[in-house]
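Participant: Input: one structure, supplied below.
Taken together, the values in this text are just the output of simple stated rules run on the coordinates, not laboratory data. These numbers come from a predicted model, not from an experiment. Cβ placement follows ideal geometry from the backbone for every residue including glycine, while neighbour counts extend to all protein chains displayed.
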Amino acid sequence: MRTGIANLPLHGHHCPRWLFDRMVRLSAAIVEAVVEEFGPREVLRRMSDPFWFQAFGCVVGFDWHSSGLTTVLCGALKQGMAPRQKDAGIFFAGGKAMVSRKTPHEIASYTDRYALPDHVVDLQYASRMCAKVDSAAVQDGYQIYQHFFMFTADGSWAVVQQGMDGQNGWARRYHWLSDNLLSYVEEPHVAVCGQSGSNVLNMVSRESDRARSASVFQTQEKPEKIITALKKIAALPKEQIASLSLPAAHPVPQAGRIEKTLRRLYDLQPENYEQLLAAQGVGPATVRAFALVGEVVYGVRASFRDPVRYSFAHGGKDGHPYPVDRQNYDRTIDMLETALRRVRVGERDKLDALGRLAKLQKGFSS
């Protein structure tokens, strides 16, 4: 059975109302405990840690290995913290599907409602760039459908996103954190969780630096020149197209589809790849077109290294895909136990959660 953190089966698990209500209470209580002990920014750091996030979802009671853990946990946490986020100093926006599109409005709404320092523009930009990188600059075959955005009053933020592969029904998760983020377009993730794939166009890889520069250079060329190059690529024999090692799900784009975007970029004249990616209308087809022309015309190849870095929460007790990292596993449990001791919820909830932790610890230490 495949049990990766985020190559997770989309079983469509139904979460009973009684369980979801319990998750709402317990997840919010744990976050409040972490805030009380370590401050609101620590919540961002922990949510961006794929190990802690996965353990968090297990402790509050959801199926440990399905994609539903991400969406249900985020939904429960957002609901549970809604009346408490002002006092906690951490705010939750976005969610699954259409709810994710409300993120910019929610950021502005919270700032206005709670009289927060005005970081609205920067926070909205961060939300948009995280979504754009994982949907356009990293072309791994997973369609982003979950965008959960967390921020504190000082403008710090974290993002948990999830994408779905419509062909095989599996998901992968993307974690972001503003702390120490040097660039949105070069190795920006804290973690990308899933099983490594092949032929993944990764324009935010360090190895794609020259390809990004070539893409920016192309925006300074007359759009007709790029379109002509794309048409020539489209006319190449299939065996030559295959030699470019392009993802099977991403064929050579039709030149006419991106002409409008090319003209907009030519007028904009972006100074760097981040400005290019942030521009209106730039999506997977535009990113792929520049990568194609960069390789064929300028001889600069983009990276096809999958950015996935984590595939299991703590390894497997049978040693597959690797033995349990006991130090990391114990660290996760210790953090959660410390938080749970401070939880002011019903005694039954507390005991049940600690009981699950004890079982996890016993099972993986045997």
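Participant: Taking the simple approach of a point 7 Å from Cα along Cα-to-Cβ for both residue 195 and residue 98, what is their distance in nm?
Facilitator: 3.4
Participant: Using the Cα centre as the reference, give the magnitude of the dipole from point charges on the C-beta atoms of the range 40-126 (Lys, Arg: +1; Asp, Glu: -1; all else neutral), rounded to the nearest 20 debye.
Facilitator: That gives the range 40-126 a dipole magnitude of about 140 debye.
Participant: Around residue 191, which amide H atoms from residues at least 5 apart in sequence, or from another chain, sit under 5 Å from its own amide H, with H modelled in the peptide plane?
Facilitator: 175
Participant: Based only on the alpha carbon positions, what is the Kirkwood hydrodynamic radius of the range 8-197, in angstrom?
Facilitator: After inverting the mean inverse Cα-Cα distance, the result is 16.6 Å.
Participant: Here is a further query. Quick check: residue separation of residue 234 and residue 272 times 0.36 nm, minus the Cα distance between them. What number comes out in nm?
Facilitator: 11.0 nm
Participant: What FRET efficiency, computed as 1/(1 + (r/R0)^6) with R0 = 51 Å and r the Cβ-Cβ distance, is obtained for residue 180 and residue 259, rounded to the nearest 0.05?
Facilitator: 0.85
Participant: Between residue 279 and residue 210, what FRET efficiency follows from the Cβ-Cβ distance if R0 is 25 Å, with the result rounded to 0.05?
Facilitator: E between residue 279 and residue 210, to the nearest 0.05, is 0.75.
Participant: Students often get this wrong, so check it: of 78/132; 132/222; 231/260; 132/231; 86/132; 102/260, which have C-alpha atoms separated by over 19 Å?
Facilitator: Table pairs above 19 Å Cα-Cα are 78/132; 132/222; 132/231; 86/132; 102/260.
Participant: With labels modelled as points extended 7 Å from the Cα through the Cβ direction, what inter-label distance (nm, one decimal) is found for residue 36 paired with residue 21?
Facilitator: 2.4
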